[in-house]
Structures are given as structure tokens and as C-alpha cells.
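What follows is a set of notes on a single structure, which appears directly below.
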Amino acid sequence: MSQSTSAASVHNSDQALKRLKARKSAESRFRFFGIGAIFAAVLMLGWLLNSIVGTGYTAFYQHYMTIDVELTESIVDPDGVRDPDELRKANFRKIMQEAIYARFPEVTDRKEKIALFKVISASGATDQARQMVYQNPSLVGETLTLSVPTSDDVDQLLKGYIDRNAPEARRKVTDQQIAWVDALKATGEIKSKFNWTFFTATDSRDPELAGIAGAVVGSLMALFVAFVVSVPVGVGAAVYLEEFAPQNRFTDFVEININNLAAVPSIVFGLLGLAVFLNFFGMPRSAPLVGGLVLALMTLPTIIIATRSALRAVSPSIVDGALSLGASHTQAVFHHKVPLAAPGILTGSIIGIAQALGETAPLLMIGMVAFVTEIPSTLTEPASALPVQIFLWSDSAERAWAERTSAAIIVLLTVLITMNAVAIFLRNKLERRW
Amino acid sequence: MMSLNTQSDEEPMARFKPVGEVINMSEKREETIAVQPKFQCRDVRVFYGDNEALHGIDIEVAKTGVTALIGPSGCGKSTFLRVFNRMNDTIPTARVTGEVLMDGENIYAKHVDPVLLRARVGMVFQKPNPFPKSIYDNVAYGPRIHGLATTNDELDAIVEKSLKRAGLWNEVKDRLKDPGTGLSGGQQQRLVIARAIAVNPEVILMDEPASALDPIATAKLEELIDELKEKYCIVIVTHSMAQAARVSQKTAFFHLGYLVEYDETQAIFTNPKDQRTQDYITGRTG
């Protein structure tokens, strides 16, 4: 009896209540810190996305000017031969100049004329006219209505990035240019359109003509190489190390090195690629093939580690079941363990490859940082990559590059999020419970 | 046509009884030739690293019927069960010495491939472990890897026969493509038995097969064991003495890695010769 009363008082006394209170406040402190941490993380992520999307979304539309262009025969084809190759060399700049001067006949001063021509994108407009005539020489002599990109300064002005109230000398557009642009905007001759150029063009010196197509193709090619090389090698190495390798000092050594490799800075892999693939094997510089190989090396440890932990997570009872039926160890591994680990292997591989997509440093080392204006069509042609393109653009001074940098980041993030979503989807879809 | 009834259809107890007599009455040695036991173990020791878990077990297991291994936790009965199909080989630190003769041939001899041995000695585990595949594929897996069926019809026949023998056919015949993991615990355990039977083994080892099952599923399982014992040599590890008494003909009591007593089940439970056995079955130890 006395024991039961003393036992009750242990948990009823003031001290007991105090202990309980201390425990509860420790728990609520922990909860508070947890919520705080999540809140901070969400806030920072929101800030990041907001600043990127806020700067970048304007790059997805661009202002174009509708203009009547007379393809004067005396300028385009003075000989009247209509030879496409000759036509291509013609002075289309003059054609475009005449076209815009014709729109504002009141402008006669030479300096003013130069300023007026700067409203449209000089190379964008001339290239457009040149391409049309080259493809269809019969157009010579006719008057076409073209929609040509405005210059990046005009575009930025209309997007509200240039302060109209700033003193003229500190503005990239003159008062006169503003007046012309406003007039054209009022008549509907300058209109904003979806910026297809950004997705179909390659890098350019002119922001209004620059696009990410070359970089995206380069990135996809490098990723393809990285995937084809690293997944079979990585999964194979992991299965062997986990299931078949003898336990000895050598395999321990290999294991430690794989774990260390996962932590090696990516630029070191770039140096390795430079030394091995370029200098020793003499592979071409700036090629997606080499980029992919370097990224594959970088992804290998991630894939090996992910595969091994996926294999380890498979219930040993399944393997025992297979062995007890007379399956050999190899059969048990390949019939049961690997298929059951497949979702984990897949997730690890996709996340590893997604990481590789975002890598810049190793690609700089092997020369994928070049200014490339052609979309690569083979694995050995010079190419750029999306993160490298972002890096290059972020370095440029004009305001128009800033929004394009952000837009390219949006594209990169979209691809990354899509890849991760696919990984999660596949894992949930393929995962079987037992 | 697959034949699962490789053994003769004569009265099983007739084959079984003399073995027990032989073991009890060693002077009738000549009869062992007529009814050779399935397993003869001589001085079997199992080591985990430097730790000896089983200290020299000598035992003979009959060709048909149920032999129960009982004893307190950690006594080595599961370890001993895994001696019969060399599952201890899968544990890197485990080592077995001594002789285990199966039909007179040492299964630990150098030339014996454990893969083939395990096709002859099936095993059912404590926790039902069907593969995360369809019911059909679960049963068909063994025949497939051993190439027991050349056509799909033959494979279908093996699957059907095995499921029937395991008493599961009527419950699953309309959903053979459903996942085996979707069955109830008791059904899963019978599926695993069907999977083992499909390989056409001679021996079925069961490691506490009913410990995860409710009483009704346990009753069904015991009923199944009762039917199977006529064709197969069954060795079962169990914690339930009532179960051992119900299903087995012979019982071996293990304690701290020693085989304390091995006799007819009835004798063990009614008239144990060793004090330790008596203490265990009356609930004083264990």
C-alpha cells in the first residue's frame, strides 16, 4: 500500500509537474525552431524564384516593328542576274535604311538618320530581308511588309527598363528616338510579340537576336553522352561492389575512393577531362562528346552510391526466398534484387544527371565556353551548354542581357524540376511494396 | 507431364514407423538399410566467426513425416534447420563442420552445389516472403529457373498442381495475375509453400512458419503440413509446443546449442527423459 502511494506521489508532486513542464517547453521550442527553419527556407526560395522570374519573364516577349521594305533592284541586284549567291552579298543594310527613312521622310539630318536607323535591329532586319530574297529571288523589285525586331535599347525602353525622366545624356535612347518609338507604338507599327527567337536562335552579339537553342542542344547532347556512359557503368560497378566483390582491403580502398570522388569539386573533373580526353586522347575541344564524358565521370559516384543504397534497401527475405528455391546468387541478384532496387537506381541516376545538367565549371575547362553561333548537329562539333550560356550572358553589360540571363535560368530550372518530377513519378509508379 | 508424386503411394506411417524404432533400438541396425533415413547428421557444428553456435549434433531424420525442432530462443534450432539446405553458406562468417548425409551423400562435400541442393530441399520462412510479383509468377519462378517446364501449358500445370497441393488453388484461381503480396498472411505462407513445392523438392524446411499468423490461418497451415508429410520429409522449427505436439511425429529439443533429447513426439511430451526437456515443456524455462 505504501508503495503505491509513494509511486503515485512521484508523478503527482510539484516537481513532477515542473519536469513535465520543462519537457513540454523543450518540445515546443523544437517545434518552433523547425517551423522557423522551414519558413526561412521557403522565404529564400520564394525570393530567389521571384527575382529570377521577375527579371526574366520580359525576355519571353519582344517588340517588333512592321515596316514596308522596297527591294529596289538597283541596290539588291544591279546586274539583274537573280543569282541567289550574288543576292546574298547585296547591301541589304541600305535597303533597310531606305525603308525606315521612307517611314519618316521629315528626317533629313545625317546624325538624325543614324539615330533613326538605330530604332530597329540593324543585323536582325537586314538578315531577315537577305534570307527572304535568297530563298525567293523573284521578290526583287517588290515591296514587302516585314516584321523586324526593334533594337534592344528600344525594346528595353518599351519594357519600361529605361528611365524616360533621366537626363538625355545618361540615357541610351535620345529624346528624338523616344518620340519616334512612341509614334510608331501609337499607330500599332511597333507591337510586342512572343519571343520565338529566344528558343530558336543561337548565341549572338545582339541581345534581340540571341537565343538558347544552340546551348540547349549542346546540353542535351552532353547529357545524352553522360547518361549512356555513366548509368551502365555506374550501375554495373555498384552491383558488382555490393553483391559480388570479395571483402578485402582492395575493395575497401575502392569504396573509400568512390565516396571521396563524390565530394571532389567539379572543376577538378574538368581538369581531368582536359588532361585525359583533350591532351592525351586528342579529342576535339568544345565538343559535347567530351563534355558528356566529363559529366559522366562526375555523375558516376552519385549513381554508384545511390544504386548501392537502393540494393541494400531490398528486403533480404526476398533474396533468401529466391536462394531457398535453388536460384544461384547471380539469379537472385538479377531476378529480384536489381528489379526491386530499380526505382531507387532510376531516381539516383536522374538526380545525378540533373546535377550534371547544371554544371558549368567542368565544361569551362574543356572549352565548351566558346561563342558558338551554330546549332551543333554531331557530338564532335563545337557547342555550348545551357549553364555556360547563362554564365556568358551574365557577364555582358547591356540591360537586355540581364533579362535573357534570367530567362535562360528559368528554362534551366524548368528542365531540372521536370527531371526531378519525372524521377519522383517513376519511383512512385515502379515502387512495389512487400 | 509433371509428376510430383515421385515417391510411392504406400501407407506413409508404415514407412515412417520403423525409422523411429531403428533410432530407439540401435540393435536393429540392419533395418536402416531397408528404410534409410533422409538425413544423417554426424557431429554437426556451426560457427559464427569464432563463436560455436551448435556443439556437435547427431540426428537422423526420416524420409517422410514431420520432425519438429523445439527449444528456447537462441538455442540454435533455426541455425540447425539452415544446415539442411546450406542456407548458412549465405552468411559470410558462418562455418559448418561435421557431416550431413542426405540419402547417404554428404551435402557438405566439395562437389555438391548448394544451388542444386536447395532445389531438393525447399524452405519456408518465418515471415511470409512472396516475391513482389503475381501469384502465378511466384509459383512459376522455381520451375522456370530450373527449366522444369518446356511449354507454357506444362508450366500452367505445375502452377495449378502446386497451388492445389498447398490448398490455395480455390482461393486464387481467378486472380493468378494479382500480386502475391496482396494475399493475407496465411495465404501468403501457403503461396510460399506452393512455390517451394513447385520445384519438386524432397524435403521442406519450415522456420516458425505460423509465428506471424492468426489461429485460423495457423490451423489451415497445420492441416496442410499434415497432408504434405505423406509425400515429403518436413522439418519444422516452432516455438509453440502445442503445434509441435499436433503436427510432428518426432521432436528434437535443443538447448544452448546442444541437442538434449530426440524422440517420438509423444514420448517427449509425456515422458521426457532429460530434466531440461521437462522444465522447458512444462514452462519452467525458456
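Counting only DSSP beta bridges with both residues in the protein assembly as shown, the antiparallel share comes to about 65 percent. Sparsely packed loop sites in the stretch A:388-434 (the GluC sites (Glu not before Pro) outside DSSP H, G, I, E and B with at most 10 other Cβ atoms within 10 Å) do not occur. The heavy atoms of B:K273 offer some 150 square angstrom of accessible surface to a 1.4 angstrom probe.
Across the stretch A:204-212, computed HN-Hα scalar couplings (Karplus, 6.51 cos²θ - 1.76 cosθ + 1.60, θ = phi - 60°) run 8, 6, 9, x, 5, 10, 7, x, 9 Hz from first to last residue, x flagging Gly and Pro. Taking Cα centroids, how far is the stretch A:305-364 from the stretch A:390-434 in Å? The stretch A:305-364 and the stretch A:390-434 have Cα centres separated by 26 Å. Close amide H pairs (under 5 Å, H built 1.01 Å from N) link A:V69 with A:L144, A:T145, A:L146, residues at least 5 positions away or on another chain. With contacts taken as Cα pairs under 8 Å at a separation of at least 6 residues, the stretch A:213-430 carries a relative contact order of 31 percent. Tally Lys and Arg at +1 and Asp and Glu at -1 over the other residues with C-beta under 14 Å from the C-beta of A:M221: what net charge comes out? Residues close to A:M221 contribute a combined charge of -2. Per residue, the average separation of C-alpha pairs within less than 8 Å and at least 6 apart gives chain B a relative contact order of 25 percent.
Here the label points at A:S309 and A:M283, each 7 Å from Cα along the C-beta direction, are separated by 2.9 nm in the simple model.
Ranking of A:D320, A:D85 by solvent-accessible surface, largest first: A:D85, A:D320 (1.4 Å probe, protein heavy atoms only, all chains present). When chain A is treated as a Gaussian network with alpha carbon springs shorter than 10 Å, the biggest mean-square fluctuation among A:A385, A:A342, A:A407 belongs to A:A342. For the segment B:111-120, counting C-beta atoms of other chains within 10 Å of every residue's C-beta and taking the mean gives 3. Here's how it looks for A:S384: its modeled amide H is under 5 Å from those of A:G218, which are all 5 or more places away or on a different chain. Largest accessible area first, the listed residues A:W401, A:W47 line up as A:W47, A:W401 when surface is computed with a 1.4 Å probe on the assembled protein chains. Computed over the stretch B:73-224, the range of Cα coordinates on each principal axis works out to 48, 40, 26 Å, biggest value leading. The mean number of Cβ atoms from other chains found within 10 Å of a Cβ in peptide B:131-138 is 3, as a whole number. Counted over all Cα-Cα pairs of chain B, pairs farther apart than 25 Å make up 47 percent. How high is the relative contact order of chain A, in percent, with contacts defined as C-alpha pairs under 8 Å that are six or more residues apart? Once normalised by length, the contact order is 18 percent. Solvent-accessible surface of chain B, averaged per residue with a 1.4 angstrom probe and all protein chains in place: 43 square angstrom. In sequence order, the stretch B:168-181 has phi-based couplings of 10, 4, 5, 7, 10, 4, 8, 9, 5, 8, 6, x, x, 6 Hz under the Karplus curve 6.51 cos²θ - 1.76 cosθ + 1.60, θ = phi - 60°, and Gly or Pro positions carry x. Residue-wise HN-Hα couplings along the stretch B:78-83, as the Karplus relation 6.51 cos²θ - 1.76 cosθ + 1.60 with θ = phi - 60° gives them from phi, are 5, 4, 5, 4, 6, 5 Hz; Gly and Pro carry x. Are there any helices in chain A, counted as whole DSSP H runs, that stretch 15 Å or more along their axis by Cα and score at least -0.5 on average by Kyte-Doolittle, and if so which? Membrane-span-like by this criterion, though nothing is claimed about a membrane: A:14-56, A:92-103, A:175-187, A:213-239, A:249-261, A:288-312, A:338-357, A:399-430.
Ligands, DNA and RNA left out, the accessible area of the stretch A:213-430 computed with a 1.4 Å probe is 69% carbon and sulfur. The order of the peptides B:206-213, A:289-296 by mean Cβ neighbours within 10 Å, most packed first, is A:289-296, B:206-213. Averaged over the residues of peptide A:307-320, the number of Cβ atoms from other protein chains lying within 10 Å of each residue's Cβ is 2. Counting only heavy atoms of the protein chains and using a 1.4 Å probe, B:C41 has close to 10 Å² of accessible surface. Charge dipole of the protein assembly as shown (Cα centre as origin; +1 on each Lys and Arg Cβ, -1 on each Asp and Glu Cβ, all else neutral): 1880 debye, rounded to the nearest 20. Taking all Cα-Cα distances within chain A, those exceeding 43 Å account for 40%. The packing ranking, built from the mean of other Cβ atoms within 10 Å per residue, places the peptides B:119-126, B:108-115 in the order B:119-126, B:108-115, highest first.
Positive contributions from Lys and Arg (+1) and negative ones from Asp and Glu (-1), summed over other residues with Cβ under 14 Å from the Cβ of B:K220, come out at -3.
With a 1.4 Å probe rolled over the protein heavy atoms of all chains, the accessible area of A:K429, A:K191 falls in the order A:K429, A:K191, largest first.
Seen from B:N51, the other residues with C-beta closer than 12 Å to its C-beta sum to a net charge of 0, counting Lys and Arg as +1 and Asp and Glu as -1. When the listed pairs B:K133/B:K229; B:K110/B:K220; B:K177/B:K229; B:K110/B:K173 are checked against a 31 Å cut-off, the alpha-carbon distance exceeds it for B:K110/B:K220; B:K110/B:K173. Accessible surface calculations at 1.4 Å, restricted to protein heavy atoms, place chain A at 53 Å² per residue. Counting lysine pairs in the stretch A:60-195 that sit 8 or more residues apart in sequence, or on different chains, and whose Cα atoms lie under 18 Å apart gives 14.
The values are calculated or read from the model by the stated rules, or taken from the named source; none is laboratory data. What you see is a predicted model; the values in this text were computed from it and never measured. Don't worry about glycine lacking a Cβ; one is built from the backbone with ideal geometry, like all the others, and counts go over all protein chains shown. Note: areas computed on protein heavy atoms with side chains; ligands, DNA, RNA excluded. Shrake-Rupley method; radii C 1.70, N 1.55, O 1.52, S 1.80 Å.
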